[in-house]
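The values are calculated or read from the model by the stated rules, or taken from the named source; none is laboratory data. Remember, it's a predicted structure, so these values are computed and weren't measured experimentally. In this analysis, Cβ positions are derived from the backbone assuming ideal geometry, glycine residues included, and neighbour counts consider all displayed protein chains. Keep in mind that these areas ignore ligands, DNA and RNA; they rest on the heavy atoms of the full protein, side chains included. Shrake-Rupley method; radii C 1.70, N 1.55, O 1.52, S 1.80 Å.
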Amino acid sequence: MDCDKCDREAVMHAAYSGLHLCEDHFTASVDKRVRRRVREDGLVPDDATPEDPETWVVGLSGGKDSVVLTDILHRTFEQDPRIELVALTIHEGIEGYRDKSVDACEELAEELSIRHEIVTYEEEFDVRMDDVVEKDPENMAACAYCGVFRRDLLSRYAEEFGADKLLTGHNLDDEAETALMNFLEGDVAQIAKHFDASLGRFGDDRDDSESSRSSPAREEQEDFVPRAKPLRDVPEKEVALYAHLNDLPAHITECPHASEAYRGEIQSLLYQLEENHPGTRHSIMAGYEELAALAAEEFGARDGGKTELGECERCGASTTRDRCRKCSLLDSLHAA
Ligand code: SF4
């Protein structure tokens, strides 16, 4: 089959748009969608200047999504002195898994000549995920601990590096899954939380997994640095194809502790829906974003900014409780 835009051979067919695209036109279409999202989300403020540039911290795990995002952002802003990129990698302490993806991160950062910082659970919290899984004092899924720790480090280091934005590589499938999960659980507060009213877009990444969905972690305000997900219009398969065609150093292996059973069910459901009704993921997100904006408005009106945040007695992080979720988990782990 030929490309719909030229006479070269198509490398992909997107059922939701009906388009067949060759390698060059496919790559250009992904770049275009990411750049459009950056523009529509207003990520580059009018007052950013080369003298006072914006710092964007990009969560770089070494997986295909974050590698593709970092690569596209780099090429988009390479000649634009108003934007400075910093890649931030979190090492969770998972034997045989994270070491390889950290290698991929280092390779990419070196290739693109961007600043790259690595922080580890071991140095920050004196825990490794492999030990957390062994001890499991709270009887939770591995991802429930891991998500809380990762969110803490991303937020904390984004602040430390003076970030104006924290960008993560969530793709369209991730987003549609999260939307469905929140909706099916009837979790309107979480839906509202996903909308960043100040920027008029989605801000939370829900990487603290299914197991902490109703946990007190929700009572904490962790995201002081605004978040953005410029890859969220691109389906997962297209991200993988982009990484492959552009020979990007992505590490594609599943974490041995991955434990999001519910997300797996939603994934299968979405896959089937998309097969039978192309465009389902896009329409879920269009409706969800509208719903989230309405929910955020309603929650803001009800609360009137009255929810008071104090400081965690242990680490000083903002929380509505005496001790934040991360410190409580660390206490349990160190006592086990
Ligand atoms: Fe952590 Fe779960 Fe991701 Fe593994 S799959 S790195 S345990 S959040």
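Could you tell me whether V58 is modelled with pLDDT of 95 or more, β-branched (V, I, T) and in contact with a strand residue (DSSP E or B) (Cβ under 6 Å, 6 or more places away or on another chain)?
Values: modelled with pLDDT of 95 or more: yes; β-branched (V, I, T): yes; in contact with a strand residue (DSSP E or B) (Cβ under 6 Å, 6 or more places away or on another chain): yes.
Yes.
Just need a number here: residues in the stretch 231-248 that are more than 26 Å from P278 (Cβ to Cβ) and not in a loop (DSSP other than H, G, I, E, B). First the steps, then the outcome.
Restricting attention to the stretch 231-248, the residues satisfying the condition of being more than 26 Å from P278 (Cβ to Cβ) are 247-248.
Subset that is not in a loop (DSSP other than H, G, I, E, B): none.
Result for the stretch 231-248: 0.
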Task: Matching residues in the stretch 71-89 - criterion: being over 17 Å from N246 (Cβ atoms) and open to solvent by 10 Å² or more (accessible area, probe 1.4 Å) - done: F77, Q79, D80, P81, R82, I83, E84, L85
TODO: Taking the options L248, L231, L172, name whichever one is modelled with pLDDT of 85 or more and more than 16 Å from the chain's Cα centre (by Cα).
DONE: L248
Task: Selection within the stretch 92-136 - open to solvent by less than 90 Å² (accessible area, probe 1.4 Å), outside any helix (DSSP H, G or I) and either within 26 Å of L69 (Cα to Cα) or out of contact with any helix residue (DSSP H, G or I) (no Cβ under 6 Å at 6 or more places or on another chain) (or both) - done: E92, G93, I94, G96, Y97, I114, H116, E117, I118, V119, T120, D136
TODO: With a cut-off of at least 2 residues that are hydroxyl-bearing (S, T, Y) and in contact with a helix residue (DSSP H, G or I) (Cβ under 7 Å, 6 or more places away or on another chain), name the helices (runs of 4 or more DSSP H) lying wholly within the stretch 254-336.
DONE: 280-303
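Somewhere in the stretch 160-171, is a residue out of contact with any Cys (no Cβ under 8 Å at 6 or more places or on another chain), aromatic (F, W, Y) and either open to solvent by less than 10 Å² (accessible area, probe 1.4 Å) or part of a helix (DSSP H, G or I) (or both)? Walk me through it before giving the result.
Here is the first cut: in the stretch 160-171, the ones out of contact with any Cys (no Cβ under 8 Å at 6 or more places or on another chain) are 160-171.
Applying the additional criterion that residues be aromatic (F, W, Y) yields 161.
Keeping just the survivors that are either open to solvent by less than 10 Å² (accessible area, probe 1.4 Å) or part of a helix (DSSP H, G or I) (or both) gives none.
Checked against the condition, which is being out of contact with any Cys (no Cβ under 8 Å at 6 or more places or on another chain), aromatic (F, W, Y) and either open to solvent by less than 10 Å² (accessible area, probe 1.4 Å) or part of a helix (DSSP H, G or I) (or both), the stretch 160-171 yields no hits at all.
Wholly within the stretch 1-70, which strands (runs of 3 or more DSSP E) include no fewer than the required count, namely at least 1 residues that are open to solvent by 30 Å² or more (accessible area, probe 1.4 Å)?
Details: elements: 12-14, 19-21, 54-59.
Output list reads 12-14, 19-21.
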TODO: Kindly check whether there is at least one residue in the stretch 261-279 that is over 30 Å from H13 (Cβ atoms), exposed (fewer than 15 other Cβ atoms within 10 Å of the Cβ) and touching a residue at least 12 places away in the same chain (Cβ under 8 Å).
DONE: yes
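Which of the residues spanning the stretch 88-104 are among the basic types (K, R) and near the ligand (Cβ under 10 Å from one of its atoms)?
Of everything in the stretch 88-104, just one residue is among the basic types (K, R) and near the ligand (Cβ under 10 Å from one of its atoms), namely R98.
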- [ ] Check A217, A197, A240 and return the single one that is modelled with pLDDT of 85 or more and among the small types (G, A, S).
- [x] A240
Task: Meets criteria (touching a helix residue (DSSP H, G or I) at 6+ places or on another chain (Cβ under 6 Å) and in contact (Cβ under 8 Å) with a residue 24 or more places away in the chain) for K5 - done: no
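Assess whether H251 counts as being surrounded by fewer than 19 Cβ atoms within 10 Å (Cβ to Cβ), on the phi < 0 side of the Ramachandran plot and not in a helix (DSSP H, G or I).
Criteria not met by H251.
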